[in-house]
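The values are calculated or read from the model by the stated rules, or taken from the named source; none is laboratory data. Keep in mind that what you see is a predicted model, and the values were worked out from it rather than measured. Cβ atoms come from the backbone with ideal geometry, glycine included; neighbour counts cover every protein chain shown.
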Amino acid sequence: MVSESEKTGEIRHAKDALLLWCQLKTAGYPQVEIADFTSSWRDGLAFCALLHRHYPELIDFDNLTKMHSEPLERFEIAFSQAADHLGIPKLIEPMDLISGWWADEWCILTIVVTWYRWLNDSQYTQRSANRLNHVLNQCILLHRLATRYLIRIHRWLQWACVSTDRLNETRRHLSEYGQTEQTNGDSETCIRMELQKLTKWRQVDVTEKMTERSQLEFTLHKVQASQLAASHFLFVPPEGYGITDVYRTWDELMSAEHECHLTIMNELTRQANQKHFIQRFDRKLCSYAHWLEENEHILLVAEQTDAVTFRTDMEPIVSFISRKHNLWTAVYQLPEFVQFPVWLNKITTVQRKHAAWIADTEAYSQIRLKRLNSLAAELENRPWSMETCDRLRQWRVLSRRWEQLEAHMRLRARALEHVEHWYHLLAELRDMFGQLSTHLTELQQTVQSEQVSSVEMILAKCKQDLESLSYWQSVLKLSLKSVLDETVSQPNWIVLLDLRNLNSQCDEWVAGICSCLNKDVEKLQQWNSQKLRALQILDDIKNELSWIQVS
């Protein structure tokens, strides 16, 4: 019993502490609000909340709040459950509490203090039992885990040893194929079957056992960590059943598996090299032959295109130079020649493309030839047979074809250089004819205007133009000589033949133009000289007549 003492205030302190305990226990119940030891306990929900807070299985608190039950029913349920299951005595009947005793603070305090003591004592007893139960269950669980660990690690080590022996036996069996150098189909089939078995074993058994190894390590760590945390004796696996033994056995197994896999792959590689070497050589030889044929066709098409393009471009010039010219018709016809285009940019583009093509083919062929030469050398070192002899003969034929193709491409490059030189000469001839045409036009106008002194100057310019044409003709003859030398070595080259014929025609045409113009210029010079003397005589006669008239 608590005695009242106004001086020390102990009752007030105990009551406040008890009120705080009630408030903390019922803080999670929004329907309950405890502010004192009178009206806050009137509806019975406070006792129900305390009982539900400590023993939720004894009372359905949510159902009491939803059903809107009467306070008497709540008191009866709370007191009955507390008395029947916890042994808390009924200090007052629910009906008396409802009738008015709820307003008595000392009555409520007595009931709450009684509940406080019984609830705390029963909760401590339950916690002790739970702790003991937890310790016993933990010991049993750790013992079971340790036993399971020993059983599983024994099975795992037994599987690893059996697998290692089987892999070593397979490796020794496969090594016999390499020592006897068997290459029949049955041996290859057996080796591939062993490889399939090894692959399946990796994917299924090894993956499963890796997971099991991790589980074993985790189980041992879990047992030992739990024992250390609970201050139990530490479980130490017997000799040969530790994690280090597992990893050592695993390393031996992986080493045996690696050696077995290497033996299988080496044997398969050896047989595959013997089987597929000839196929690889034939494939590369066929590819190189196809490449040569394609480039030969491209070169043939390029030659035909060059011939057609050259004839098309030169057709107006050939038609023009076939005419006959004299002095005054040349004045009107040479401007037509000056208007002919010269395709220097076109031939330059073709030359650059051909040079790039040559560089590309030489680089490509050099790589292919290097590979094929190494394969051919290896083929020569193999046992001799008719098939080997036939393949080497095909390789020599392809080598000669490449040499011919390379020489042909070089010849086209020289032919394009001759064509380019011809286009440059043609451009110079066009410029010289343009200048000569201008001078001839001036000469015609001067002759018509009877300017004798100017005619003499223009005739001198025309002579200089004709001398330039003569020098151009000598350069053309040198070019014609080099073209003739090329056509002797390659008589079937169409562009060179057309260029040779065109050079010959142009040489004759320019020679005829120069001869005709030289004769006409000489005649015009003689006529101009005679006219000049006649004019001087006429001036002398006029001077004498004027003198006679004056005298």
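Of all residues assigned to region 30-45, none qualifies as being polar (S, T, N, Q), surrounded by 14 or more Cβ atoms within 10 Å (Cβ to Cβ) and at pLDDT 85 or above. In region 382-429, which residue that is under 17 Å from Phe310 (Cβ atoms) and of a type in the set (D, E, K, R) is modelled with the highest pLDDT? Checking each candidate, the answer is Arg412.
Residues of region 210-268 that are under 15 Å from Leu145 (Cβ atoms), in contact with a helix residue (DSSP H, G or I) (Cβ under 7 Å, 6 or more places away or on another chain) and of a type in the set (S, T, N, Q): Thr219, Ser226, Gln227.
Set side by side, the residues Thr114, Thr65 differ, and just one is surrounded by 12 or more Cβ atoms within 10 Å (Cβ to Cβ) and closer than 22 Å to Ala17 by Cβ, which is Thr114.
Check region 288-299 and report whether any residue there is at pLDDT below 80 and assigned to a helix (DSSP H, G or I). Spell out the reasoning first.
Here is the first cut: in region 288-299, the ones at pLDDT below 80 are none.
No, region 288-299 contains no residue that is at pLDDT below 80 and assigned to a helix (DSSP H, G or I).
Among the candidates Ala146, Ala82, the residue that is in contact with a Phe, Trp or Tyr (Cβ under 8 Å, 6 or more places away or on another chain), modelled with pLDDT of 80 or more and in the same structural domain as Gly242 (by TED's automatic domain parsing) is uniquely Ala146. Per the listing Ala307, Ala272, Ala256, Ala330, the residue uniquely assigned to a helix (DSSP H, G or I) and modelled with pLDDT of 85 or more is Ala256. Across region 32-78, the qualifying residues are those that are assigned to a loop (DSSP other than H, G, I, E, B) and of a type in the set (S, T, N, Q), and the one among them that is farthest from the chain's Cα centre (by Cα) is Thr38.
Contact map, region 92-121: first residue within 16 Å of Ile77 (Cβ to Cβ) and outside the structural domain of Arg42 (by TED's automatic domain parsing), second residue modelled with pLDDT under 80 and surrounded by fewer than 16 Cβ atoms within 10 Å (Cβ to Cβ), Cβ cut-off under 7 Å, separation 6 or more or different chains; pairs are Ile111/Leu91.
When each of Ser187, Ser175, Ser163 is tested for being part of a helix (DSSP H, G or I), surrounded by 13 or more Cβ atoms within 10 Å (Cβ to Cβ) and either at pLDDT below 75 or in contact with a strand residue (DSSP E or B) (Cβ under 9 Å, 6 or more places away or on another chain) (or both), the lone residue that passes is Ser187.
Within region 299-319, the residues that satisfy the criterion of being among the hydrophobic types (A, V, I, L, M, F, W, C) and either crowded, with 18+ Cβ neighbours inside 10 Å or closer than 30 Å to Trp402 by Cβ (or both) are Leu299, Leu300, Val301, Ala302, Ala307, Val308, Phe310, Met314, Ile317.
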